[in-house]
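Trainee: The structure follows.
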Amino acid sequence: MSKPKLAISFSGGRTSAVMTKLCVDKFSATHDIAITFANTGCEHENTLKFVDQCDKHFGWGVVWLEAVINPEKGKGVRHKIVNYETAARDGEPLEADFAKHGLPGPGWLHCTRDTKELPIKSYLSRELGWEWGSYWICIGIRADEVDRVSQNRENLKFVYPLVDAGWTKADVKAECASWPFDLDLKGEHWGNCVWCWKKSLRKLMTLSQEDKSVFDFPKRMEDKYSHITSPNGPNAGRKMFRNHMSSVDIVNLARTIDFEPYRDIDQTEMFSMAS
């Protein structure tokens with residue numbers, strides 16, 4: 001009888017890394033496990049380094065993937081396998097997606113779908129023969145984020161290993177502190193796609209203050225693709241960020257208004273501040 005299948009999408013963050021280790025340690029003998037990292041080309045260099053370090057240190061066999069976007073209408077997303085050395089670092093997978101579908105943003109969330117979810121599905125199906133619905137999907141959410149757990153988890157075949165094990169942010173931090181390497185970012189606001197439009201305005205303005213070149217790529221994308229019409233209707237002059245803001249708007253706002261920069265605060269520090 002075949003083993004149950006477990007798909008782990010390693011995002012490159014600490015929580016995702018600890019979840020991956022927990023799953024491999026607990027289920028490697030009883031499950032077929034596939035660990036993937038989907039690179040958008042806009043991940044921080046130290047995120048790429050952390051994925052590579054985790055993979056080599058723990059021997060996970062992480063498969064690095066990037067989206068292959070067919071510009072022809074009606075043609076789906078495929079994948080290609082890369083590695084730490086050959087991974088895109090100038091947003092190439094995202095730009096290919098924007099060139100076809102236009103800019104993402106609130107109400108049009110195709111960037112995550114096309115450069116994360118679909119390449120992973122393509123790999124699992126085409127390389128491993130895992131059909132959709134035949135495997136469980138590990139989601140990197142902690143016990144202190146339980147409000148993010150899907151109410152439809154069983155039907156979607158989602159599993160939340162850190163939630164089920166009761167692991168919090170403090171637990172994740174302590175576990176990572178025991179490793180001989182760490183994710184070297186200035187703060188959480190630098191994680192995942194550095195300039196991601198889903199981040200809060202405060203995080204984005206903090207990024208701009210710390211290094212406004214972070215917004216060079218989204219500005220270039222706005223200049224090239226804001227005119228493209230999406231399947232949802234005309235979007236001439238589309239802007240990616242919330243409140244119909246552009247990357248230039250965010251950079252200018254960060255330069256001209258007073259605001260409290262984003263800082264990471266551990267729960268232990270919050271309790272200390274409240275006492």
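The values are calculated or read from the model by the stated rules, or taken from the named source; none is laboratory data. All of these numbers come straight from a predicted model, not from anything done at the bench. In this analysis, Cβ positions are derived from the backbone assuming ideal geometry, glycine residues included, and neighbour counts consider all displayed protein chains. Side chains included, ligands, DNA and RNA excluded: accessible areas come from the protein's heavy atoms. Shrake-Rupley method; radii C 1.70, N 1.55, O 1.52, S 1.80 Å.
Residue-wise test of (1) surrounded by fewer than 17 Cβ atoms within 10 Å (Cβ to Cβ); (2) closer than 23 Å to residue 62 by Cβ; (3) among the charged types (D, E, K, R).
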| position | (1), (2), (3) |
| --- | --- |
| 113 | yes, yes, yes |
| 120 | no, yes, no |
| 125 | yes, yes, no |
| 133 | yes, no, no |
| 161 | no, yes, no |
| 177 | yes, yes, no |
| 182 | yes, yes, yes |
| 194 | no, yes, no |
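Trainee: Criterion first (closer than 14 Å to residue 261 by Cβ and surrounded by 14 or more Cβ atoms within 10 Å (Cβ to Cβ)) does residue 187 satisfy it?
Mentor: yes
Trainee: What pairs come up if the first residue lies in the stretch 152-180 and is touching a residue at least 24 places away in the same chain (Cβ under 8 Å) and among the small types (Gly, Ala, Ser), the second is assigned to a helix (DSSP H, G or I) and open to solvent by less than 60 Å² (accessible area, probe 1.4 Å), and their beta carbons are under 9 Å apart, counting only those six or more places apart or on different chains?
Mentor: Hits for this filter: 165/22; 165/143; 170/144.
Trainee: Going by the structure shown, is residue 109 at pLDDT below 95, out of contact with any Leu (no Cβ under 7 Å at 6 or more places or on another chain) and of a type in the set (A, V, I, L, M)?
Mentor: yes
Trainee: Separate question: Would you list the helices (runs of 4 or more DSSP H) that sit entirely within the stretch 195-264 and hold 3 or more residues that are in contact with a Gly (Cβ under 8 Å, 6 or more places away or on another chain)?
Mentor: On the way: elements: 201-210, 216-225, 247-256.
Once the helices (runs of 4 or more DSSP H) in the stretch 195-264 are filtered for at least 3 residues that are in contact with a Gly (Cβ under 8 Å, 6 or more places away or on another chain), what remains is 216-225.
Trainee: Could you tell me which numbered condition residue 138 fails, if it satisfies all but one of (1) under 30 Å from residue 31 (Cα atoms); (2) open to solvent by 30 Å² or more (accessible area, probe 1.4 Å)?
Mentor: Result: residue 138 passes all but (2).
Trainee: Quick check on residue 202: is it open to solvent by 90 Å² or more (accessible area, probe 1.4 Å), modelled with pLDDT of 95 or more, under 21 Å from the mean Cα position of the chain (by Cα) and among the basic types (Lys, Arg)?
Mentor: yes
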